[in-house]
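One structure below.
Since every read-out is calculated from the coordinates, none of them should be taken as a lab result. Because the structure is a prediction, the values reported are computed rather than measured. No Cβ is skipped: glycine too gets one built from the backbone with ideal geometry, and neighbour counts run over all protein chains shown.
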Amino acid sequence: MSRTRSVASTTPAVHRRTVLAAAGAAAVSTGVGYALRPTDSQAATATGAAEAPVAQTVHRAAAPAAAPLAPYTRGTTVASVAAPRTGSGYRRLGDGPGWSRKVRSELAAPKAGRAGRRTALAAFVQLTDLHLMDTQHPLRLEYLRSTDVHAWRPQEALTVPGAISLVERINALRGAPATGAPLQFAMTTGDNTDNNSHTELDWFLTVMSGGRITPNSGDPRHYEGVQNSGLQQYWQPDSTTRDADKQRGFPHLQGYLAAAVRELNSPGLAIPWYSTVGNHDSLPLGCYGHGDSWLAEYAVGGKKLMSLPASESKKLQDMIRKASDPQGHAFRDLLKAHARSMRSVTPDERRAPYTPRDYLRAHLDPAHRGVGPVGHGYSTANLDTGTQYYSFRIADDVIGISLDTTDPGGHYQGSMGTGQLRWLDRTLRENKDSFAVVFSHHTSDSMTNT
């Protein structure tokens with residue numbers, strides 16, 4: 001039977017030979033560990049004037065489980081995954097066979113009988129790329145669909161109810177799928193929001209910590225966006241218009257848009273949760289640096305571009321992919337050139353882009369505490385230094401490290417500055433006798449933003 005190491009009152013330390021990378025995949029960990037709750041305080045220790053502090057969160061161990069732990073797969077992708085019931089066109093989904101677990105052999109060769117010899121380290125939930133969307137936001141690039149059908153997707157208006165359903169599913173889990181051990185915490189690994197909008201940030205924090213949400217902006221009475229524009233390149237669910245998606249088999253669903261923007265209630269996660277930042281959290285559209293005042297005004301204004309010729313869409317998409325316009329100046333000029341083609345929408349100041357400092361303050365807001373910890377990994381020390389990376393104690397021999405792999409200069413690929421790399425190296429050295437789980441939005445092979 002698996003053995004579980006609980007949290008000690010000391011601050012032990014991470015073994016550099018066993019740094020476990022947890023980046024870029026949404027999954028429930030198959031590790032084990034007793035349920036741990038954070039204390040009401042965080043200890044932040046400054047490590048130099050030019051470098052960020054190490055924010056340590058101490059957890060308390062719960063009482064040992066009364067019965068032996070057993071795998072818990074109900075409601076997980078180990079039990080079943082969504083699978084199409086039909087072969088082509090618009091396909092309804094049903095339950096399909098679950099995903100098989102994979103034995104990782106990169107660090108050590110698997111040996112027979114290992115299940116009975118395991119020493120459990122931790123059990124946690126990872127969420128990534130929620131992309132909560134204000135689908136009526138003027139800055140959105142839906143019109144790129146004229147050159148790439150995948151640039152806009154019919155289900156995007158349902159990101160908030162979908163995230164709430166995910167929270168409800170996590171709360172219903174009784175343990176980890178491989179062992180049944182209680183889940184200790186959840187970590188989001190970036191792109192929690194889609195367009196760096198205050199509306200989306202508020203919705204994300206409310207989904208995670210609990211509360212009522214109305215996923216609507218602009219006119220409080222009804223939806224204003226591409227899905228009731230009459231444009232045939234987008235699914236018009238409430239209309240009988242024979243749009244491109246209905247030609248593929250999508251249905252006519254009267255009342256869909258009203259339902260998509262109605263008020264909802266999130267129970268919030270029942271376990272502590274931590275946050276890691278992604279490029280869509282840091283940058284407008286996930287690819288443009290802050291600083292263009294015209295784009296900031298356009299984001300909260302009363303005009304929205306909803307269609308663009310395929311040739312111009314292709315040119316804009318290529319500029320984004322090649323990072324040839326990281327500050328968005330060419331994007332601004334394109335929008336200005338199409339001012340007469342824009343449609344009127346209701347202005348909304350809540351759609352303003354948020355800064356990294358706004359992001360930190362929102363996480364530290366008591367209204368978004370949920371079950372904790374305060375700041376969800378971030379601390380006032382991050383505010384003081386303007387950083388978005390930290391470490392926290394998971395168990396007596398496991399440390400968690402959350403990185404900021406975004407570049408404020410623009411572009412969606414990952415990047416890390418020298419100061420953060422030095423902090424990471426020092427944090428690993430100071431915890432050389434512990435295991436480390438490193439969380440980041442970008443994977444190692446996408447850290448190419450120079």
Enumerate the amide H contacts of residue 124 below 5 Å, restricted to partners 5 or more residues apart or on another chain; note that Pro and chain-start residues carry no placed amide H. 29, 31, 184
Over all distinct Cα pairs, what is the inverse of the mean 1/r for the chain, reported as the Kirkwood hydrodynamic radius in Å? 23.4
Magnitude of the Cβ-charge dipole of the chain, K/R +1 and D/E -1, about the Cα centre, nearest 20 debye? 1600
Quick one: 3J(HN,Hα) in Hz for region 247-261, Karplus 6.51/-1.76/1.60 with θ = phi - 60°, rounded, Gly and Pro as x. 5, 8, x, 5, x, 8, 10, 4, x, 4, 5, 4, 5, 5, 10
Summing Lys, Arg as +1 and Asp, Glu as -1, what charge do residues with Cβ under 14 Å from the Cβ of residue 149 carry, residue 149 excluded? -1
Once phi for every residue in region 157-173 is put through the Karplus expression 6.51 cos²θ - 1.76 cosθ + 1.60 (θ = phi - 60°), the whole-Hz ³J(HN,Hα) values, with Gly and Pro written as x, are 6, 10, 5, 5, x, x, 5, 4, 4, 5, 4, 4, 5, 4, 4, 7, 5
Quick one: which residues, 5+ away or cross-chain, put their amide H under 5 Å from the amide H of residue 193? H built at 1.01 Å from N. 131, 132, 281
Set of region 252-286 residues, backbone N closer than 15 Å to the point 7 Å along the Cα-Cβ line of residue 346: 258-263
Interchain or sequence-distant (5+) residues whose placed amide H lies within less than 5 Å of the amide H of residue 211 are 266, 268
Between residue 232 and residue 380, the FRET efficiency computed from the C-beta separation at R0 = 56 Å comes out, to the nearest 0.05, as 0.65
P(r) for region 225-309: what percent of alpha-carbon pairs falls in each 10 Å bin, starting at zero? 13, 25, 31, 28, 4
Which length gain, in nm to one decimal place, applies between residue 338 and residue 433 when the Cα-Cα distance is subtracted from 0.36 nm times their residue separation? 28.3 nm
quick shape note, region 288-331: Cα extents on principal axes in Å, largest first -> 26, 23, 11
Highest mean first, what order results for 151-159, 200-208 on Cβ atoms within 10 Å? 200-208, 151-159
Please give, to one decimal in nm, the separation of the simple spin-label points placed at residue 421 and residue 111, each 7 Å out from Cα toward the Cβ. 3.8
Options 100, 352, 150, ranked by Cα towards positive dipole end of the chain, top entry (Cβ charges): 100
I'd like the Karplus ³J(HN,Hα) series for region 109-124: coefficients 6.51, -1.76, 1.60, θ = phi - 60°, whole numbers in Hz, and an x wherever there's a Gly or Pro. 6, x, 10, 4, x, 5, 4, x, 10, 5, 10, 6, 10, 6, 10, 8
Expressed as a whole number of Å, what is the distance separating the alpha-carbon centroids of region 114-148 and region 377-450? 19
Subtracting the Cα-Cα distance from 0.36 nm times the residue separation, let me have the gained length for residue 259 to residue 118 in nm, one decimal. 46.0 nm
Using per-residue counts of other Cβ atoms within 10 Å, averaged over each peptide, order 213-222, 133-142 from highest down. 133-142, 213-222
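Tell me the Kirkwood hydrodynamic radius of region 312-353 in angstroms, computed as one over the mean inverse distance between distinct C-alpha pairs.
One over the average 1/r among Cα pairs gives 12.1 Å for region 312-353.
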For the residue pair residue 100 and residue 327, what label-to-label distance in nm results when each label sits 7 Å from Cα along the Cα-to-beta-carbon direction? 5.4
Enumerate the residues in region 221-243 having an amide nitrogen under 17 Å from the point lying 7 Å beyond the Cα of residue 250 toward its Cβ. 223-243
Reachable lysines from residue 336, Cα under 17 Å, same-chain residues fewer than 8 places away excluded? 303, 304, 315
In nm, the gap between the two label points placed 7 Å beyond Cα toward Cβ at residue 303 and residue 129 is 3.4
